[in-house]
1. In segment 264-276, which residues are closer than 17 Å to Met98 by Cα and open to solvent by less than 50 Å² (accessible area, probe 1.4 Å)?
2. Of the residues Phe213, Phe227, which is modelled with pLDDT under 95 and open to solvent by 10 Å² or more (accessible area, probe 1.4 Å)?
3. Out of the residues in segment 74-113 that are under 17 Å from the mean Cα position of the chain (by Cα), more than 20 Å from Gln59 (Cα to Cα) and open to solvent by 10 Å² or more (accessible area, probe 1.4 Å), which is modelled with the lowest pLDDT?
4. What is the number of the single condition among (1) within 13 Å of the ligand (Cβ to nearest atom); (2) open to solvent by less than 10 Å² (accessible area, probe 1.4 Å); (3) β-branched (Val, Ile, Thr) that Val245 does not meet?
5. I'm trying to understand the selection: among the residues of segment 318-330, which are under 17 Å from Leu216 (Cα atoms) and either touching a Pro at 6+ places or on another chain (Cβ under 9 Å) or open to solvent by 10 Å² or more (accessible area, probe 1.4 Å) (or both)?
6. Among the candidates Val233, Val253, Val261, which residue alone is within 11 Å of the ligand (Cβ to nearest atom), modelled with pLDDT of 95 or more and open to solvent by 30 Å² or more (accessible area, probe 1.4 Å)?
7. Kindly provide the set of residues from segment 134-161 that are of a type in the set (A, V, I, L, M, F, W, C) and open to solvent by 30 Å² or more (accessible area, probe 1.4 Å), ordered by number.
8. Would it be correct to say that Arg121 is basic (Lys, Arg), closer than 30 Å to Leu165 by Cβ and either in contact with a helix residue (DSSP H, G or I) (Cβ under 8 Å, 6 or more places away or on another chain) or crowded, with 23+ Cβ neighbours inside 10 Å (or both)?
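The values are calculated or read from the model by the stated rules, or taken from the named source; none is laboratory data. Owing to the predicted nature of the structure, the values given are computational and were not obtained by experimental measurement. Don't worry about glycine lacking a Cβ; one is built from the backbone with ideal geometry, like all the others, and counts go over all protein chains shown. Calculation scope for accessible area: heavy atoms of the full protein, side chains included, ligands and nucleic acids excluded. Shrake-Rupley method; radii C 1.70, N 1.55, O 1.52, S 1.80 Å.
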Amino acid sequence: MDRRKFINLSGLGITSFSIPNFIQSTNPSNLIQPIVASTWDAGMRANVAAWEVLKNGGQALDAVEQGVMVTENEINCCVGLDANPDRDGFVTLDASIMDHQFNCGSVAFLERIKHPISVARKVMEKSPHVFLVGAGAQAFALANGFKLESGTLSEQANKNYKAWLKTSNYQPVINVEKNQSVTYNDPAFNAPKKLTDGEWNHDTIGMIAMDQFGNLSGSCTTSGAGFKMRGRVGDSPIIGAGLYVDNEVGAVVATGQGEDVIRVAGASAVVEWMRQGKSPELACKLVVEKINRIKKEKAKDIQVCFVAINKKGIVGAYALQKGFNFSVYNKEGNTLKDAGYLI
Ligand code: ASP
């Protein structure tokens, strides 16, 4: 699809990207065009790191780990150690990763470790388990060479926490209105950037990728809902909820209100719709509609979003409410796109 056609389609509200990824192969003569997609506009910067891996013939698994590490390094509200704390004032992190062979690893309620996504990968590769939490996850990280960070809140998180303590009212933000469809070919995205106050409110980063061999992988990392109860874990580290990869069908990540993604096994449900032949965007929409039916009038108080890719390398996304955008990088460049929405 050329850029002009893409722009025309995007004007019609069709939020899918396609490149000819029809062949899965390890034969160098059959290599295909890689693609990576991620949640929100923070994904634009994360995609750059992932694309660096993919364009050099690297594996999707490495791409999705290195991609989201960019966001874990940034100062933002909802990913990494500088994010908003729980209601007791501690930052607790959740992350998951999954490859093209149903290998997966997760950590949750992890404190004072900078790159939870890499700990999740270590759980996948170096432990007999798929999911470690809390003190056990931290001990595993330390035993595997990760450094214990200070645990001090970032300046911005401290400011946010103090402001929140005035009411102590737990009310997750739906999302931030900050949505323009733009194409960046900006080298500035090569470097992790310190966000300004106006860019503060970004959510979980989830990333899905297909490499030149046609293999899929996904990753998801978050500090979860700001000012959550201590011990709360959302959908992001739960395989099948916040992330799922089935290399025969596709890969899916979620962001938004984790509790409502968990109750429908969100990412897995989207994969199953794709297995039945639905496009990635429609598959996401069908699960969003289900959440809307379950939540009834309360649906208007939450946001839930999915991004999916199928085996043809088509990416689609859908959200419950207006305001969700997602970032896609393929050989045509890195593009930020508004997702379709239900209400
Ligand atoms: N899904 C995340 C959680 O519930 C938060 C988010 O994506 O905003 O922990």
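1. Ala265, Gly266, Ala267, Ser268, Ala269, Val270, Val271
2. After ruling out the rest, the residue left standing is Phe227.
3. Filtering segment 74-113 for residues that are under 17 Å from the mean Cα position of the chain (by Cα), more than 20 Å from Gln59 (Cα to Cα) and open to solvent by 10 Å² or more (accessible area, probe 1.4 Å), the one modelled with the lowest pLDDT comes out as Ile75.
4. (1)
5. Across segment 318-330, the qualifying residues are Tyr329, Asn330.
6. Only one candidate qualifies: Val233.
7. Ala135, Ala139, Phe140, Leu142, Ala143, Phe146, Leu148, Leu153
8. Spelling it out, it is not the case that Arg121 is basic (Lys, Arg), closer than 30 Å to Leu165 by Cβ and either in contact with a helix residue (DSSP H, G or I) (Cβ under 8 Å, 6 or more places away or on another chain) or crowded, with 23+ Cβ neighbours inside 10 Å (or both).
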